[in-house]
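Below is one structure; the comments refer to it alone.
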Amino acid sequence: MRFGIGAFVIVATFLAYRRMLSPIRGTVTSAFGPRVRNGVAQWHNGTDIAANIGSDVRAPSDGIVLPQSFHPDGGTEVFMKLDNGFTLGLSHLLRSNSVGETFKRQGEVIALTGNSGNATGPSVHLTLRDRDGKYLDPQKYFDFHA
Ligand SMILES: [Zn+2]
């Protein structure tokens, strides 16, 4: 055998953790974790980034963009299954950039930001879940600084 299992593991690890691009850059207005909103303690399951309406949101990696949906709080929402098994979630959008399930390459525009649903202003509420559905802190994976 020319290549040991070690080399195989290194390559597999590299593929699984290939650096994801930040879907958007801007000011973080509310971070992941505990917060108080309107006097009520909450667990914020994502990161809010202020963005002018119509700003591009890009695919952090190759993956499948699911059809857009609507939620009373989240407004127009788009979810994307990333090639590392994570799921990206975007809320308060203007619209998706695709119809139906669509394969998108890393860096392609997948949605436009908006102010839909129960938003505090033009912004995107961005979530990241691992392959078990557990919410992760997006700021540990993405650099949102403009
Ligand atoms: Zn939020």
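A simple rule links phi to the HN-Hα coupling: the Karplus curve 6.51 cos²θ - 1.76 cosθ + 1.60 with θ = phi - 60°, which for the stretch 102-117 gives 9, 6, 10, 8, 3, x, 6, 6, 10, 7, 10, 6, x, 9, 7, x Hz, with x for Gly and Pro.
The Cα-based radius of gyration and maximum Cα-Cα distance (Dmax) for the chain are 16.4, 64 Å. Taking amide H positions as modeled 1.01 Å from N, with prolines and chain starts lacking one, the residues under 5 Å from THR29 and 5 or more places away or on another chain are ASP48, ILE49, ALA50. Taken about its Cα centre, the chain carries a charge dipole of about 300 debye when Lys and Arg each add +1 at the Cβ and Asp and Glu each add -1 at the Cβ. Using the Cβ of HIS92 as centre and a radius below 14 Å, the other residues enclosed give a net charge of -2, where K and R count +1 and D and E count -1.
Near ASP137, no amide H atom lies under 5 Å from its own; only residues 5 or more places off or on other chains count, and H is placed 1.01 Å from N.
Using the alpha-carbon centroid of each, what span in Å lies between the stretch 129-146 and the stretch 99-114? Value for the Cα centre distance between the two parts: 18 Å. In percent, rounded to a whole number, the relative contact order of the stretch 21-140 is 29, using alpha-carbon pairs under 8 Å and six or more apart.
Axis of helix 5-16 versus longest Cα principal axis of the chain: the two differ by about 20°, to the nearest ten degrees. 3J(HN,Hα) couplings calculated from phi for the stretch 66-78 with the Karplus curve 6.51 cos²θ - 1.76 cosθ + 1.60 (θ = phi - 60°) are, in sequence order, 8, x, 5, 9, 10, 10, x, 7, x, x, 6, 10, 9 Hz; Gly and Pro show x. Annotation: amide H of SER123 within the under-5 Å range of ALA51, GLY114, sequence separation 5 or more or interchain, hydrogens built in the peptide plane.
Any read-out appearing in this document is the output of simple, stated calculations on the displayed coordinates, not a laboratory observation. Note that the structure is predicted; figures quoted are calculated from it, not measured. With ideal geometry, Cβ positions are generated from the backbone for all residues, glycine too; neighbour counts draw on all protein chains shown.
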